Amino acid sequence: MSRSPQGQPVIFQAGDSDQGRDLGATIGEGIFTHAASIAQGQAFCNDLKGRAAAKGRDPDEIVIMPGVTVYVGDTDAEAREIERDLQTRDRDFGRALAELGRPFAWHDFRQYDLDAPFPQEALVFAERGLVRTRYASTTLRGNLGLPVPENRYTKARKSALLRL
Ligand SMILES: Cc1cc2nc3c(=O)[nH]c(=O)nc-3n(C[C@H](O)[C@H](O)[C@H](O)COP(=O)(O)O)c2cc1C
């Protein structure tokens, strides 16, 4: 059986404890994290990549994937005001359901019966080009810009040859 095009599946890790970070630095290729601020995200990235380098890995071969929430206003102060408003305003279920539509061009999910199966017609936004359907590479590894790991048997053969 030949090797898969991406060599091996991409290994993702998420976890923020000391052991979790070490695990990610040891084997992770895609690392999920929350970033409450740019500074916090950069600190996490530097820490993780520093740990990976200390373990002999190339830090560029790890993709850090922060989950971010973006607030947009005409000025920084206005964006902060919108953030404060959204975080402090009473949260009700209908409002949360309405906000679910935000990444789908404000599709109104409140119109569906929550106890019924999800209607197929709600998937038309995929056809309207709101969801990415084409990628540059044919593999997830390629689209993340990660290198194909060397086959362990090839690697073992090469080091055996070097020892000769
Ligand atoms: C940014 C982030 C994202 C996570 N995403 C998931 C997830 O999608 N599914 C899941 O089951 N656990 C998820 N977790 C939980 C961790 O994978 C899991 O709780 C882990 O054991 C925590 O390790 P830690 O003690 O190093 O934080 C996530 C944790 C973090 C920090």
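Just so you know, all these numbers are worked out from the coordinates, no wet-lab data involved. Fair warning: this is a prediction, and the values are worked out from it, not measured in the lab. Cβ placement follows ideal geometry from the backbone for every residue including glycine, while neighbour counts extend to all protein chains displayed.
Listing for the model above:
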item	result
Highest-first arrangement of 112-119, 22-29, where packing means the average Cβ count within 10 Å	22-29, 112-119
For the chain, calculated [θ]222 nm from helices alone, where every DSSP H run of n ≥ 4 adds -39500 (n - 2.57)	-12000 deg cm²/dmol
Of T75, G15, F118, farthest towards positive along the dipole that unit charges on Lys, Arg, Asp, Glu beta carbons give the chain	G15
Cleavage-rule hits (trypsin sites (Lys or Arg not before Pro)) in the range 1-103: DSSP loop, at most 14 neighbouring Cβ within 10 angstrom	R3, K55, R89, R91
For the chain, share of DSSP beta bridges that run antiparallel, in % to the nearest 5	0 percent
Point-to-point label distance, Y71-R163, nm (Cα→Cβ direction, 7 Å offset)	6.0 nm
Between helix 152-163 and the chain: long-axis angle, C-alpha atoms, 0 to 90°, nearest 10	30 degrees
Per-residue ³J(HN,Hα) for the range 8-19, Karplus 6.51 cos²θ - 1.76 cosθ + 1.60, θ = phi - 60°, Hz, x for Gly and Pro	8, x, 5, 9, 9, 9, 9, x, 10, 6, 4, 5
Mean Cβ neighbour count within 10 Å, used as a protection proxy, ranking 64-75, 153-164 highest first	64-75, 153-164
Virtual spin-label span in nm between Y112 and T26, 7 Å along Cα→Cβ	4.1 nm
Assigned charges on the beta-carbon of Lys, Arg, Asp, Glu; the range 4-87 dipole about Cα centre (debye)	420 debye
Label point distance in nm, E99-A53, each placed 7 Å from Cα along Cα→Cβ	3.8 nm
Nonlocal amide H pairs with G28, under 5 Å, H built at 1.01 Å	none
